[in-house]
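Here is the structure we will look at, set down as structure tokens.
The values are calculated or read from the model by the stated rules, or taken from the named source; none is laboratory data. The shown structure was predicted, so the numbers you read here are calculated from the model rather than taken from an experiment. Glycine gets a Cβ as well: all are built from the backbone with ideal geometry, and neighbour counts include every protein chain shown. Calculation scope for accessible area: heavy atoms of the full protein, side chains included, ligands and nucleic acids excluded. Shrake-Rupley method; radii C 1.70, N 1.55, O 1.52, S 1.80 Å.
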Amino acid sequence: MRKHLICLLLCSLAGGLFFSLPTMVQGLAQENLPPGESVVAALALGGLGGPLLYLWRRLANRPNGQELEAARHFRELYQRTPVMLHSIDAGGRLVSVSDCWLETLGYRREEVIGHPLTEFMTEGSRQTAETLTLPELFTTGQVKDVACQLVKKHGEVIDALLSAVAERDRGGNIRRSLAVVTDVTERRRSEQEIEKLAYYDTLTGLPNRSLFQDRLSQAMAQAHREGAGVGLMFLDLDRFKSINDTLGHATGDRLLQVVANRLKKCVREGDTVARLGGDEFVIISTDFTHHQDPVAFAKRLLRVVGQPVQFDGREFVTTASIGIAIYPNDGADVSTLIGNADFAMYHAKELGRNTYQFFSAEMNARALEKLNLETSLRQALKRGELFLVYQPQLDLASGRITGVEALARWRHPEKGLIPPEKFIPIAEETGLILPLGEWVLRTACAQARAWQAAGVPGLRIAVNVSARQFNHPEFLETVERILQETGLDPNLLELELTESIVMENVQDAIMTLTDLKVRNIHLAIDDFGTGYSSLTYLKHFPIDRIKIAQEFVRDIPNDADDAAIVEAILAMAGSLNLEVIAEGVERKDQLGFLHQRRCKEMQGYYFARPMPAEQLAEIFSRGLAREPACLYEG
Ligand SMILES: Nc1nc2c(ncn2[C@@H]2O[C@@H]3COP(=O)(O)O[C@H]4[C@@H](O)[C@H](n5cnc6c(=O)[nH]c(N)nc65)O[C@@H]4COP(=O)(O)O[C@H]3[C@H]2O)c(=O)[nH]1
């Protein structure tokens, strides 16, 4: 009010002067009025005109009702719109904010108005705003979709996109700006999630195969430019499948997470540890040839992975096999380098696991040989190059041969005799084990039937069954058909399965084993003790006997650990009412040890090596060279 009165007074004065001047000049010029009068008249006129002019001008500029309503409406819209809006002045201070702005960031209006906008940003965003965004806004007049991070009152950070336009006065100076802020925290989170799913392994958080291949090709391209090398380590956990099968997938998953963390801690910044799937990890090292000795690095990895793991009060140890390939010598492109590192890893496994191997040309030659073997194995069955040998199994008390194990042999036309350790894994890998296994089963059953017919009663024939055969949906029918075709009493057929086969899918295994058992087929667990079979499960398997693995028999009685294991297996089998046979008995001291612990059946070179059927027929008629019944007595 005071402001208006002062304005009115000043206008009266100014208006009086302004309007009186021409009157005064005219009066003086016409000399029809004395100067004093003309001044008074003029002042009076002017004094009235000034305020009138002022009032007219105020009324003319004053917003009308509609405009007032629009302004009020706009203000309300600005504040209540569910969008984060703010305005800053030329000094970057907040002059107004929308309610949504306040709600999102958790402030009250009086806590923000007059404060610099940058005060509500993270340090990084503050620097960007001060050096880039605000200068750009104040020079060009606008900024669009600038990414920034705002900090909520309680410290939480939100990701936002900020677009603003500047408002200038008539002189072209920036008066203030109006900005729209979009909270993109959720969107960013989903984008990151999508990226994570696409490029990272959900279980371990490590880069997955796609990201790994990307990084490897980048590392190789850079190494190519710089004339440097890239090391690739392919790491596979030993016997992980057995751990997974026996202790359950949840334990397997936890173990993979532990290994992933351990590997991450071993590598330098810039190196990549990725998980390709299953228990396969890869490490890209760009430092290999310069600072990092690959041998020392591989040893460190083995040491770190091999440290005991404790879950639920249970401790177990896992080891790894590592294959190493170095760019450019061992592969000029991504897939060759990976393939060769993988190949070297397999070689490390063959060497007994828990070790590392460099890829070499010699390995390449072995790979070729394997490929050749695979091709010839496909022909072997048709060409009749496969045959069976039989190894006797003895009952010590009676000294009788109670059974024989059928073992496959391959006589290659050029390479000569190829051991099963070499061709059975290839047959399993390629699926050839299905026709091969069927042929073995048929031949063995027919042979057992023939021995029976020749007057060797009650001789049981043991046949090895591979995982692929056992899991095949037609396995049961195949066995039944062969028994029918050959006429062999099912009770005289023993199927030997390894622990890992039955532990792979316990529920299915129990069903298949039960199906076999109800058909009166004898069932044995081969190489017992080398896997991770749990006693709880063993109780549920309808098996008849276990074969103590050669691995434990080899060093008894001298090796205290092996001796303890064998004793424990015998005791456990006794309490579960299972028959036991020890395999790989080569010496008298082994025989004595086993006999003392009431192991009744044995198989091994000490008594007889695997032999062709004709040779065995002779033994049936004249007996074994060593008579087991008297061996341990004397
Ligand atoms: N050092 C030593 N070794 C002894 C002694 N007594 C027996 N052996 C050997 O131990 C192996 C026992 O067979 P396996 O554990 O079933 O182990 C077998 C079995 O897993 C697999 N295999 C052999 N034939 C077949 C088959 O027809 N089908 C399948 N699926 N696997 C087979 O190949 C493996 C090796 O077979 P082989 O070379 O015939 O080796 C046989 C046998 O010759 C001994 O006193 N000392």
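Some observations on this one:
- Note on the range 303-407: the C-alpha convex hull projects to 13.1 nm² when averaged across all orientations.
- Highest mean packing first, where packing is the average number of other Cβ atoms within 10 Å per residue, the peptides 323-331, 104-112 line up as 323-331, 104-112.
- With a Förster radius of 30 Å applied to the C-beta separation of Ala446 and Glu421, the computed FRET efficiency comes to 0.75.
- Accessible surface ranking for Ile510, Ile546, 1.4 angstrom probe, highest first: Ile510, Ile546.
- When shorter helices are ignored and each DSSP H run of at least 4 residues is given -39500 (n - 2.57), the per-residue value for the chain at 222 nm works out to -16000 deg cm²/dmol.
- Computed over the chain, the percent of Cα pairs more than 39 Å apart is 59.
- Axis angle, to the nearest 10 degrees, between helix 560-575 and the longest C-alpha principal axis of the chain: 80 degrees.
- 23 Å tail of the calculated P(r), the range 202-359, as % of Cα pairs: 33 percent
- Calculated FRET value between Arg188 and Thr514, using beta carbons and R₀ = 45 Å, to 0.05: 0.25
- When peptides 176-186, 379-389 are sorted by average Cβ neighbour count within 10 Å, with the highest value leading, the order is 176-186, 379-389.
- Using alpha-carbon coordinates, inclination of helix 613-622 to the longest axis of the chain, degrees: 40 degrees
- Distance between the modelled labels on Arg168 and Glu67, one decimal in nanometres: 2.3 nm (7 Å Cα→Cβ projection).
- Accessible area per residue (1.4 Å probe, heavy atoms of protein chains only) ranks Tyr605, Tyr390 as Tyr605, Tyr390, with the largest value leading.
- Considering only beta bridges that DSSP places wholly inside the chain, some 70 percent are antiparallel.
- Peptides ranked, highest mean first, by Cβ atoms within 10 Å: ranges 565-574, 411-420: 565-574, 411-420
- Rolling a 1.4 Å probe over the protein heavy atoms leaves Lys517 with an accessible area of roughly 50 Å².
- Greater than 30 Å apart at Cα, pairs in Lys264/Lys370; Lys241/Lys370; Lys517/Lys600; Lys264/Lys349; Lys264/Lys539: Lys264/Lys370; Lys264/Lys539
- Both numbers refer to the Cα atoms of the range 481-529; Rg and Dmax are 11.8, 35 Å.
- Accessible surface of the chain, 1.4 Å probe: 52 percent of it comes from carbon and sulfur atoms.
- Neighbourhood charge, 12 Å Cβ-Cβ cut-off, centred on Leu616 and excluding it, Lys, Arg +1 and Asp, Glu -1: -1
- Inter-part distance where the range 321-397 and the range 192-237 are each reduced to a Cα centre, Å: 26 Å
- Between Glu130 and Arg80, the contour length at 0.36 nm per residue exceeds the alpha carbon distance by 15.1 nm.
- Per-residue accessible area (protein heavy atoms, 1.4 Å probe) orders Asp589, Asp236 as Asp589, Asp236, starting from the largest.
- Debye-sum result for the range 74-188 in log10 I(q)/I(0), which assumes one identical scatterer on each alpha carbon, at q = 0.18 Å⁻¹: -0.88
- Rough spin-label spacing in nm, given labels placed 7 Å along Cα→Cβ, for Lys370 and Asn261: 3.4 nm
- Environment charge at Gln310 (Cβ cut-off 14 Å; Lys +1, Arg +1, Asp -1, Glu -1): +1
- Compared with the dominant Cα axis of the chain, that is its longest principal axis, helix 475-486 is turned about 20°.
- Taking every alpha-carbon pair within the range 402-547, the share separated by more than 27 Å comes to 21 percent.
- At the residue level, Glu193 shows approximately 100 square angstrom of accessible surface with a 1.4 angstrom probe and all protein chains present.
- For the range 499-615, the pair-distance distribution built from all alpha carbon pairs, in bins 10 Å wide starting at 0, is 13, 43, 30, 13, 0 percent.
- Near-label residues of the range 177-208 by backbone N, under 16 Å of a point 7 Å along Cα→Cβ of Gln142: 177-181
- Summing +1 for each Lys or Arg and -1 for each Asp or Glu among the other residues whose beta-carbon sits under 15 angstrom from that of Gly431 gives -3.
- Taken along its principal axes, the alpha carbon cloud of the range 370-631 reaches lengths of 48, 45, 37 Å, longest axis first.
- For a label point 7 Å along the Cα-to-beta-carbon line of Glu485, residues of the range 356-391 with backbone N under 17 Å: 381-388
- Convex hull of Cα atoms in the range 200-265, direction-averaged projection (nm²): 5.2 nm²
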